[in-house]
Amino acid sequence: MPLIEKAIKSVYDKVDKIIAVDGRYKDFTDWTGQWYSTDGTIEFLAGLPKIELRFAANLYESDKRNEYLKGLEDGQTVMVLDADEIVEGDIPELKSDIGLVRFSELNDRREMRLATRLFKYRNGMKYTGVHFIIEVDGKLFNKRTRAENGFSSEKVNTKIIHLASLRDEARKLYKSEYYKTLGVREAQYQRSRYD
């Protein structure tokens, strides 16, 4: 709850609407017997006028991400922000299909990588079997750090900071195990789909 509150506050005054999707991923190992948040997150989100709260549990991450795409209209600018991330800088209206944002870990002074977390929604768009790779009607739209297949991109002066270091140690361990599982599944999917 404290991390999602930071995430929401970092964008609340910069956007018209926030679609929040609550629910445990299918293959997340931290199984408490609860499918939905029990730490005050739902109550916090439900009390904010700009929030559209959706519930989707027991789905793979890409399927859960597709839940928020269902609420979008063609041409809308979208920023994807996880519950443990914050945004620094404005969220611009894009001239291109994809805005390449800088992405880094909290207190990490290394060069930031670029991420395709800002884009214009297109009808027929969906996350494929992976984390942040999107297709439009079967045509690859992006990989994590670049546009594909003739879709255009631009660097924008926006930064996403991952706050994973603020999680408690047990949660960090569960997330680490989850990302190993996710990485294997993503690699298998990419080999079968794009090679």
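The values are calculated or read from the model by the stated rules, or taken from the named source; none is laboratory data. Model, not experiment: these values are computed from the prediction. When we count neighbours, we look across all protein chains shown, and the Cβ atoms used for this are built from the backbone with ideal geometry, even at glycine.
Of all residues in segment 101-120, how many are in contact with a Leu (Cβ under 8 Å, 6 or more places away or on another chain) and assigned to a strand (DSSP E or B)?
Looking only at that region, the number is 10.
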>> Just to be sure I understand the filter: pairs with C-beta atoms under 7 Å, separated by 6 or more residues or on different chains, first member in segment 36-64 and modelled with pLDDT under 95, second member β-branched (Val, Ile, Thr) and in a loop (DSSP other than H, G, I, E, B). Which pairs pass?
In response: Ser62/Thr128; Ser62/Val130
>> I'm trying to understand the selection: among the residues of segment 27-47, which are of a type outside the set (Phe, Trp, Tyr) and surrounded by 13 or more Cβ atoms within 10 Å (Cβ to Cβ)?
In response: Asp27, Thr29, Asp30, Ser37, Thr41, Ile42, Leu45
> If you go through segment 139-156, how many residues are among the hydroxyl-bearing types (Ser, Thr, Tyr) and touching a Pro at 6+ places or on another chain (Cβ under 6 Å)?
Replying inline: 0
